[in-house]
1. Looking only at residues in the stretch 333-360 that are among the aromatic types (Phe, Trp, Tyr) and surrounded by fewer than 22 Cβ atoms within 10 Å (Cβ to Cβ), which one is farthest from the chain's Cα centre (by Cα)?
2. If residue 9 passes every condition in (1) of a type in the set (Lys, Arg); (2) part of a helix (DSSP H, G or I); (3) at pLDDT below 90 but one, which one does it miss?
3. Quick check on my filter: what residues within the stretch 176-190 are modelled with pLDDT of 95 or more and either under 13 Å from residue 94 (Cβ atoms) or outside any helix (DSSP H, G or I) (or both)?
4. Among the numbered conditions (1) β-branched (Val, Ile, Thr); (2) crowded, with 19+ Cβ neighbours inside 10 Å; (3) touching a Lys or Arg at 6+ places or on another chain (Cβ under 9 Å), tell me where residue 280 comes up short.
5. Would it be correct to say that residue 136 is within 30 Å of residue 253 (Cβ to Cβ) and in the same structural domain as residue 81 (by TED's automatic domain parsing)?
6. Scan the stretch 334-361 for residues that are of a type outside the set (S, T, N, Q) and modelled with pLDDT of 90 or more and report the count.
7. Can you run down the residue pairs with Cβ atoms below 6 Å, 6 or more apart or on separate chains, where the first is in the stretch 172-199 and free of Cβ contacts under 8 Å to residues at least 40 places away in the same chain and the partner is of a type outside the set (Lys, Arg) and crowded, with 18+ Cβ neighbours inside 10 Å?
8. Specify the residue that is surrounded by the most Cβ atoms within 10 Å (Cβ to Cβ); the eligible residues are those in the stretch 1-47 that are β-branched (Val, Ile, Thr) and over 27 Å from residue 95 (Cβ atoms).
Amino acid sequence: MEDLFQKIKEKRIAKTLRYALIDGVLWSCMFGLAEDYLIPFALHFQTSPFFISLITGSAQLGISIIQLLGARFIGYHQKRKWLIIICNQFHAFSWILVLVLTYTMKNPVFIIVFYFIGVISTNFGTPAWLSWMNETVPARLRGEYWGKRNRIMGFFQFLATSTAGLTLYFFKNIIHHEFIGFAVIFTLAALFRSSSILPLSRMHEPQMKVPQKGKELTLLKFLKSSGRTNFKKFVLFNILMTFSVYFMPAMLSIHILKTLKFNYIQFALINMTVNIASFISMAYWGSLIDRFGNYAIMRLCAIGIILPSLLWAFLRNIYFILPIQIFSGFVWAGFNLTTFNFIFDLVKKEDISSATAITTSLNNIMAFLGSVIAGLISHFTPGITWLPFSALNLEIIFLISFLFRALTVLIFLPSFREVKQTEPVPSEMHFLVYFPARNIMNQIRVIHKKIMNMIQW
């Protein structure tokens, strides 16, 4: 990252982006320790697949409402730094409440309640954070900065996820007190999240750009706007893709632990593989986005996202699953980076907080619908006995997700276009074969040069 910071002439901007990186690392540690193991924690209390879908679904629905309120709040008060710090502290404390009250009351309903409170707390400050970062990150370095930052965050999330998996395996299989393992990782997650006050308080906050009164972007204006606008077409594609994808996350964790009967080390390995592939790929996609634009990369990665949902319905061996997870991490890194960056290209700076809040809110409504519908379907799938699947038949849900993903990409992805001038876009094989191979060869040359220098020395 140091080479990127040296490209920024204004020292306080470079310093702010360094602290933003540290804040991201702390968030990644929290996420890897706690978020990745919330569903296993719920399964520890013998919850049903539908209950699991409510955990993820209700949180997504809460986000859809709270980010709109957060965007409106920051539009009036314009004090972003301390709003974000306060929201993060509530989020940190919620993990302690999830842990303690669920255990003491022996009721998994507290998982839903306090996970919901934590999620809406942190997401109330998300529009403020996105507005702040959009005004701080230089436009010419946007793809490179977010790509490298996300790669570093992914590395620390990988470390946290692996540490949590080993901790749970140790306490379940050796100490035979699984709950103590959850207590350790959730407490650490709360500490990491709470520590974000240190880097955030040292970041420079520029004067917030606000739209003229009456001209700000609102959800009502967005819904009433012409369906032909590039932004509206992009949002429609994005939310339908979210709906299609969110059939799987909660059900997939149940499938791994209950159907395939993998242990916590294998569960962590599956999650880590995605994270490793993702953080390695972030910088790769970031540099290509700056050259060829967001749409070309989004199109390629969206097509790639279709395949894993189909393969999960049939794969049973972890050695076949891991390569699919590597591919998933590769394409999801590009897709997430492009959908995040594309909003910055489509709307004015003063509308960023509102535009991101609207997009996130609609996305999370669709995530809620996808999660809950999948949970409802899972209530009936065990009764289907004529299919060559497992007893729970969760593979049916994976196939539904595959179908919806394919239709969304086929019908809605071609409806919008790139909005900025880019280099001529090469074929898909350049992105999937030529560019990665060239990067690998360059890395080999660098390593070889360093080895030769050490030998000569």
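1. Selected residue: 344.
2. Just one mismatch for residue 9, condition (2).
3. 186, 187, 189, 190 - these are the residues of the stretch 176-190 that are modelled with pLDDT of 95 or more and either under 13 Å from residue 94 (Cβ atoms) or outside any helix (DSSP H, G or I) (or both).
4. (2)
5. In short, no.
6. Residues flagged as of a type outside the set (S, T, N, Q) and modelled with pLDDT of 90 or more within the stretch 334-361 amount to 2.
7. That search, which allows pairs on different chains as well, returns 177/171; 180/171; 181/167; 181/168; 181/171; 184/167.
8. 16
The values are calculated or read from the model by the stated rules, or taken from the named source; none is laboratory data. Note that the structure is a prediction, hence the values are computed from the model and not measured. Note: ideal-geometry Cβ built from the backbone for every residue, glycine included; neighbour counts use all protein chains shown.
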